[in-house]
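Read the structure below first, then the notes.
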Amino acid sequence: MNWLDTLLDRSREAKVSTPAPKPMPARAKQAEPEIKSWWIQTAAPRPPNFAGAIEPLFYFVDDGAVTLCDETGKTSGKTMRVGAGDDPRRIAAMLKRASLPPSDFNRAIQYQALGIA
């Protein structure tokens, strides 16, 4: 008997003596977090013609953190921890305002040179 036969015999013994793996226990399904909605002001009203602007805000609180999401619960990746005494709506509004594109309303206007005095 050579070394190869010995190796094959040991592999056969290992296959026979190895018990079948136990199935993994089913993990408890975590409850879906409750999606909450809120409205935030994105532009202040300016009388007499502009009524202002608001946007919807969707968020959920899970494990001590506020996470922004859409109305279906898909997260946007913006998360912040909630401290003791903090209002989750205010934190969600702060995260939403930080994610809005900056306004360029007060930008310098560049006019093209027309060559007229």
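The values are calculated or read from the model by the stated rules, or taken from the named source; none is laboratory data. Since we're looking at a predicted model, the values are computed, not measured. Note: ideal-geometry Cβ built from the backbone for every residue, glycine included; neighbour counts use all protein chains shown. When the accessible area is computed, the model is the full protein with side chains, heavy atoms only, and any ligands, DNA or RNA have been set aside. Shrake-Rupley method; radii C 1.70, N 1.55, O 1.52, S 1.80 Å.
What the table below lists for this structure:
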quantity	calculated
Out of Phe58, Phe105, Phe50, sole residue that is over 12 Å from the mean Cα position of the chain (by Cα), surrounded by 10 or more Cβ atoms within 10 Å (Cβ to Cβ) and not β-branched (Val, Ile, Thr)	Phe50
Members of the stretch 85-102 found to be part of a loop (DSSP other than H, G, I, E, B) and either within 30 Å of Pro33 (Cα to Cα) or open to solvent by less than 100 Å² (accessible area, probe 1.4 Å) (or both), listed by number	Gly85, Asp86, Asp87, Leu100, Pro101
Search result, residues across the stretch 61-75 that are open to solvent by less than 70 Å² (accessible area, probe 1.4 Å) and either modelled with pLDDT under 90 or not in a strand (DSSP E or B) (or both)	Gly64, Asp70, Gly73
Odd one out for Thr79, checked against (1) touching a residue at least 24 places away in the same chain (Cβ under 8 Å); (2) open to solvent by 60 Å² or more (accessible area, probe 1.4 Å); (3) in a strand (DSSP E or B)	(1)
